[in-house]
Amino acid sequence: MELNTIKDAFDRVAKKQKLSSSKSQEVIDQVGREIEHALAKLQSVHDPVSIEQKSILMELKTKLNVIGPHNQLEGSQKELNMNVSKYPKLLEKSFNPDISRAYRNVEFDLHTVNQIIANHFYQQGLFDLGDCLINEAGESEAITLKSQFLEMYQIIDAMKARNLEPALNWVSSNHDKLQQNGSNLELKLHRLQFVEILQKGNRADALHYARAYLAPFASLHMDEIQKLMACLLWAGRLDSSPYAELMAPTHWDKLIEELTGQFCCLLGQSYESPLSVAVAAGIEGLPTLLKLANVMAAKKQEWQAMKQLPVPVDLGREFQFHSIFVCPVSRDQGSEENPPMLMPCGHVLCRQSIMKLSKSNTRTFKCPYCPADASVAQCRQLYF
C-alpha cells in the first residue's frame, strides 16, 4: 500500500477544489459588480420605459456575455471532476474493501461472544447498550459485572470532579490486595488529597491529614513524605513554590488510569477490553491474511480448508501475552501434547519431530541444524 501515492492524489484533489472554488467566487464577484452597476444606472433613470433603460440592459447583457461565466467555470470544474473521479478508483486499488475474503468459517460459542460484547460495553461505561444486549440475547449472567464497573465509573466521575473520597474509600477497603499487587495507588491518592487541602491554605488541616494518612507510608517512602512536609511552608501558594509540579492536572489523569487498571485487575479483568484487543489484532493481521487469501485463490487452493496458516502473522509485541514455540522443522506450534524438547546440542524441536527423526524412539538421529547426534532419552522437555 503506497500511502504517499494516496496522499499525493488527495492533495491534488484538494488543490483543484480550492482553485475551482476560488475561480467560482471570482466569476460571481464579476457578475455581481456588473449587475450592481447596471442597477445603479437604472435607478438614476426617471422614465421606467425609456430607451435609456433598454440600452442599459443591453449593455449589461453584452458585458455578461464577455465575462462568459459558464465558459470560465467549465474548465476548472472539468479538471476537478476528473481528479475527483480518479481518487475513489485509487482508493479501491490500494485499500481492499472486500475484507470478507480473509474470513474463515469458525464456530463460535454465542454465549461466550455475547458475554464478551456485554462486558466490553460495561467496561467502556456504555451501560445502556450492555443492558440492551443482555436483554435481547437473554444473557442474564453477564449483568454480574455491571454493578462492579458501575462502581468504578462512579469513582472516576467523582475524581474528574476533584472528589477523591470514593476513590480513597475503595483503596482503603482493598488495601491488602493492592499491597499484594505492589501498587502505590493508596499513597498517591492520599498525596493528591494532601496537596488539595494545602492549596486551599489550611496548613493545620493538611498537617492533621498527613499524620493520619501519610505517616503509615513513611517507613517505605521517606523521601516522598519529606517532600510533602516541605510543602507545608507554601500553604495557599503552592503554585509558586518549588513543588508546583505536584499540582499538575496530569497527576489526576494518571491516577484515573492507574485506578482503572487496578480495579480491573482485582476484578480478574484485563485493563484492555478483550473485544478491543481482538479487533485491534484483527486489523493488524488483516493485510497479511488478505494477501494470503488472494495468493491461494490464484493457485486455486481452498482457504477455508486450511488447518494452519502457511505464513506467520506478525502482530507486534503489544499482542504477545505469553511465550510460544514453533518447531523449525514441522512449523507446528508447541502444545501440551507436542511440547518443545531440548536436544544435547542445544537446538530445540517439538516432540513429534524428534520422534519422526528417531524412527519412533528406535535409534539415534542427527540434529537437522548441526552434526551432533542425539537420542530421545537425551532430550529434555522445555517449559515456557
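The values are calculated or read from the model by the stated rules, or taken from the named source; none is laboratory data. Source: prediction; values computed, not measured. All Cβ positions, glycine included, derive from the backbone under ideal geometry; neighbour counts span all protein chains shown. With ligands, DNA and RNA removed, areas are computed over all heavy atoms of the protein, side chains included. Shrake-Rupley method; radii C 1.70, N 1.55, O 1.52, S 1.80 Å.
Worth pointing out:
- Region 5-76-region 333-384 distance, computed between alpha-carbon centres (Å): 85
- Given charges at Cβ of Lys, Arg, Asp, Glu: the chain dipole, positive-most of P69, G236, L129: P69
- Between I197, T250, L207, the Cα set farthest toward the positive side of the dipole of the chain (charges on each charged residue's Cβ, about the Cα centre) is that of T250.
- The chain - percent of accessible surface contributed by carbon and sulfur, probe 1.4 Å: 55
- The heavy atoms of M222 present about 90 square angstrom of accessible area, all protein chains included, probe 1.4 Å.
- Viscosity 1.306 mPa s, temperature 10 °C, Stokes-Einstein D of region 234-329 from Kirkwood C-alpha radius, µm²/s: 86
- Answer label, with Cα Rg over 2.2 N^0.38 Å calculated from the coordinates and candidates [x] 1.16; [y] 0.94; [z] 1.71: [z]
- The heavy atoms of D373 offer some 110 square angstrom of accessible surface to a 1.4 angstrom probe.
- For the pair region 205-251 and region 92-137, the centres of their Cα atoms are 47 angstrom apart.
- With only the Cα atoms considered, region 1-154 has a convex hull volume of 274 Å³ per residue.
- Helical mean residue ellipticity (222 nm; -39500 (n - 2.57) per DSSP H run of 4+; nearest 500) of the chain: -19000 deg cm²/dmol
- Counting heavy atoms of the protein chains alone, Y213 has an accessible area of about 110 Å² for a 1.4 Å probe.
- Only Lys, Arg (+1) and Asp, Glu (-1) charged, at Cβ; the chain dipole about Cα centre in debye: 1580
- On Cα atoms only, tilt of 144-160 relative to the major axis of the chain in degrees: 60
- Charged neighbours of N71, selected by a Cβ distance under 15 Å, balance to 0 (K, R count +1; D, E count -1).
- Nearest-ten-degree value, helix 250-266 long axis tilted from longest Cα axis of the chain: 50
- Above-threshold pairs, the threshold being 30 Å between Cα atoms, out of K299/K366; K23/K61; K7/K160; K18/K63; K146/K254; K23/K63: K299/K366; K7/K160
- Averaged over its residues, the chain has an accessible area of 66 Å² per residue, based on protein heavy atoms and a 1.4 Å probe.
- Helix 127-137 and the longest principal axis of the C-alpha atoms of the chain enclose an angle of approximately 70°.
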